[in-house]
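So the structure is just underneath, and the comments pick up after that.
Derivation of every value follows stated rules applied to the coordinates shown; laboratory data play no part. None of the values given here were measured: they were computed from a predicted structure. Every residue, glycine among them, receives a Cβ derived from its backbone with ideal geometry; neighbour counts consider all protein chains shown.
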Amino acid sequence: MSKRIETTDLNVYYGNFRAVEDVTITIEPRSVTAFIGPSGCGKSTFLRTLNRMHEVIPGAYVEGEVLLDGENLYGPGVDPVRVRRQVGMVFQRPNPFPTMSIKENVLAGIRLNNRRMPKADQDDLVERSLRGANLWEEVKNRLDLPGSGLSGGQQQRLCIARAIAMEPQVLLMDEPCSALDPISTLAIEDLMSELKEQYTIVIVTHNMQQAARVSDVTAFFNIAGTGSPGKLIEVGPTDKIFSAPDVQATEDYISGRFG
Amino acid sequence: MATIVHAAETLTAGRLPRATVPVSLVGSVLLGYALAILFTGGANIGLAVALAYLLFLLVMEIATRVVEGPRQASDRRATNLVVGAFVLALLPLGSLVWEVLSKGIPRFDVPFFSQSMRNVVGAGGGAIHAVWGTVYVTGMATLISVPIGLLTAIYLAEYGVRNRLSKAITFFVDVMTGVPSIVAGLFAYALMGLLLGPGSRSGFAGSIALSVLMIPVVVRSSEELLKLVPNELREAAYALGVPKWLTIVKVVLPTAVSGLVSGVILAIARVIGETAPLLIAAGFTASMNNNLFENPMMTLPVFVYDSYAHPGTDVQAYWDRAWAGALTLILIVMILNLAGRLIARRFAPKTR
């Protein structure tokens, strides 16, 4: 239940502005891949092209191809809604639905799509997803209370539970810990190492220690300056990127010489 | 290097005793009243209140400036001016409520809500035909306006963000907001004339006239509310593979529903008191009419206007009925507002 992502010469545009240039990368299944780089270098934009979420912004479009186990996400006749059912996403700020209870939030993917499911299966799915997100013990007695009453870290884990309840092939995480305290961050990092047994995980982070801790592969993005597009500078096993990178810019960024 | 010169080295400053405000208020009122009698020789309440307020401002200004200093003095001056403006703004409202209550209560009785004006020329009779007429006409106007207005707002906020069509719609909605109500009435009257033959008046024509006034209000308030729904919720739904229309129906609308309901209620309250368009489109009648689509239908604002403008032989009886009608209308608007608040609270997203 996890798929390989390959992109070749992917360019992302916002109207006339080219935000990301010529990214070619292969993301292996059952692993954590981290994108690092300075702000505005296009790593979040690139992440969003992996489940066509960038299309939410008017004027955004993509050139090139993204292959999910060989199937092009941008091929003719591809429905972005179907893509997103296979490639789930967790956002920077926890965003549980305020009108729904904890349980309804986990089942949101089922209920919002008008899919029917027997009640026993629903309860199973809620427990499985919440256990998968390490949240079950904390909320099992208040499943019918609003999700917005939880703490920030719990809300983020609720969002992860909501994403994995859809049983996606790939889980994209856009700076999932940047709004959280160190304890909640640790909980989510532990969760990532468990989840990678089943899913392909891609994470964008500003925290280099986090990338070093959780990821198997690290990709470094950079921009030449304001107004120029972001580029993939180097990608490789995390150990190698953090100890002996091939490119000077990567070493400068990792050792804190700029950025 | 410049040094800051402190006025005093202490942290304490003079404070007026607590009783200063009430004492000087009572004093100013008494003095103002006495001055008013002195100037005009009689008890002129308006002059007395104005003089008392000016005296109060002056006394507080001097007392605060002497004891507490200029900063506190300007603070108090601003506070007193704001409170004064607030009271001045409330006076007409209070006076209106008092007038309507005192003049409307005598005929606010059971016959008023059980009889129509059929075969009544003097005292007696009631406004049941007008109450039901208002309910029918406004209800139908709401049924027409809410779907059109809400769907337009959804298009503007969700689909046509800043494209040419939505700019044009926004422009024409703004123009519609400024259409005089009499024009809406003439439009509905002419439209029904074209469709059903000249000179036809009906409750439905009144509903159409009210819809013309109501739709822009519903569109603008709903659009603003839909824009307030955080984009993150839409993105969260898209990321779960939910199509756009289901995201709108099941995430955006439920999140905004409490505001949408209050917006609709405010729009109803805005049109329920319209007189001119109903005068033309729905017409007058003294009898109960339960059919929206045939024959004139009386409504409360028209009833009030008609009773006041064309009293029969017993003028007082007609005027009493007019005031009772006005009181009923105010009560209906008040009940609508209360209901709107209750509904809004019922649907509001809970956090605990």
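List of remarks:
- Lys/Arg +1, Asp/Glu -1 at C-beta; the protein assembly as shown dipole; positive extreme among B:Gly139, B:Ile280, B:Trp319: B:Trp319
- Farthest toward positive dipole pole in chain A [+1 Lys/Arg, -1 Asp/Glu at C-beta], among A:Met89, A:Asn113, A:Phe220: A:Asn113
- From phi via Karplus (6.51, -1.76, 1.60), per-residue ³J(HN,Hα) for region A:74-80 in Hz, x at Gly/Pro: 10, x, x, x, 7, 8, x
- Antiparallel content of DSSP bridges confined to the protein assembly as shown, in %, to 5: 55
- Under the Karplus curve 6.51 cos²θ - 1.76 cosθ + 1.60, θ = phi - 60°, whole-Hz ³J(HN,Hα) for region A:162-178, x wherever Gly or Pro sits: 4, 6, 7, 5, 7, 6, x, 7, 10, 10, 9, 10, 9, 6, x, 10, 6
- DSSP-loop chymotrypsin sites (Phe, Trp or Tyr not before Pro) across region B:256-352, with at most 16 other Cβ within 10 angstrom: B:Phe293
- Tilt relative to chain B, helix B:181-196 - C-alpha long axis, 0 to 90 degrees, to 10: 10
- Within the listed set A:Ala163, A:Ala244, A:Ala211, the Gaussian network model of chain A (springs between alpha-carbon atoms below 10 Å) gives the highest mean-square fluctuation for A:Ala244.
- Cα gyration tensor shape for chain B, rounded if a/c is under 1.5, else prolate or oblate: oblate
- Length gained when the stretch B:Leu246-B:Ala348 is fully extended (0.36 nm per residue, less Cα-Cα span): 34.7 nm
- Across peptide B:228-239, the average count of Cβ atoms from other chains found within 10 Å of a residue's Cβ is 6.
- Here chain A is treated with +1 on each Lys and Arg Cβ and -1 on each Asp and Glu Cβ, and its dipole about the Cα centre works out to around 800 debye.
- Using a cutoff of 8 angstrom between alpha carbon atoms and counting only pairs six or more residues apart, the relative contact order for chain A works out to 28 percent.
- Cut-off 15 Å between beta-carbons: net charge of the residues surrounding B:Arg18, Lys and Arg +1, Asp and Glu -1: +1
- Considering only alpha-carbon pairs that sit under 8 angstrom and 6 or more positions apart, the relative contact order computed for region B:20-105 is 20 percent.
- Of the residues A:Gly236, A:Ser39, A:Met100, the one whose Cα sits farthest towards the positive end of the charge dipole of chain A is A:Met100 (charges of +1 on Lys and Arg Cβ, -1 on Asp and Glu Cβ, taken about the Cα centre).
- A Förster radius of 25 Å combined with the Cβ-Cβ distance from A:Ala224 to A:Val56 puts the calculated FRET efficiency at roughly 0.35.
- The charge dipole of the protein assembly as shown, taken about its Cα centre with unit charges on the Cβ of Lys, Arg, Asp and Glu (plus for the first two, minus for the last two), comes to roughly 1580 debye.
- Gyration tensor verdict on the protein assembly as shown (Cα atoms; rounded if a/c is under 1.5, prolate if a/b is larger than b/c, oblate otherwise): oblate
- Relative contact order of chain B, taken over Cα pairs closer than 8 Å and 6 or more residues apart, is 20 percent.
- Applying 1/(1 + (r/R0)^6) with R0 = 22 Å to the Cβ-Cβ distance of B:Ile335 and B:Arg270 gives a FRET efficiency near 0.90.
- GNM result for chain B, Cα springs below 10 Å: residue of B:Ala269, B:Ala282, B:Ala50 fluctuating most strongly: B:Ala50
- Sites B:Leu93 and B:Asn295, calculated FRET efficiency, Cβ-Cβ separation with R0 35 Å, nearest 0.05: 0.40
- With kT/(6 pi eta Rh) evaluated at 37 °C and eta = 0.692 mPa s, and Rh the Kirkwood radius from Cα pairs, chain A diffuses with a coefficient of 174 µm²/s according to Stokes-Einstein.
- The mean number of partner chain beta-carbon atoms within 10 angstrom of a residue's beta-carbon across peptide A:90-101 is 5.
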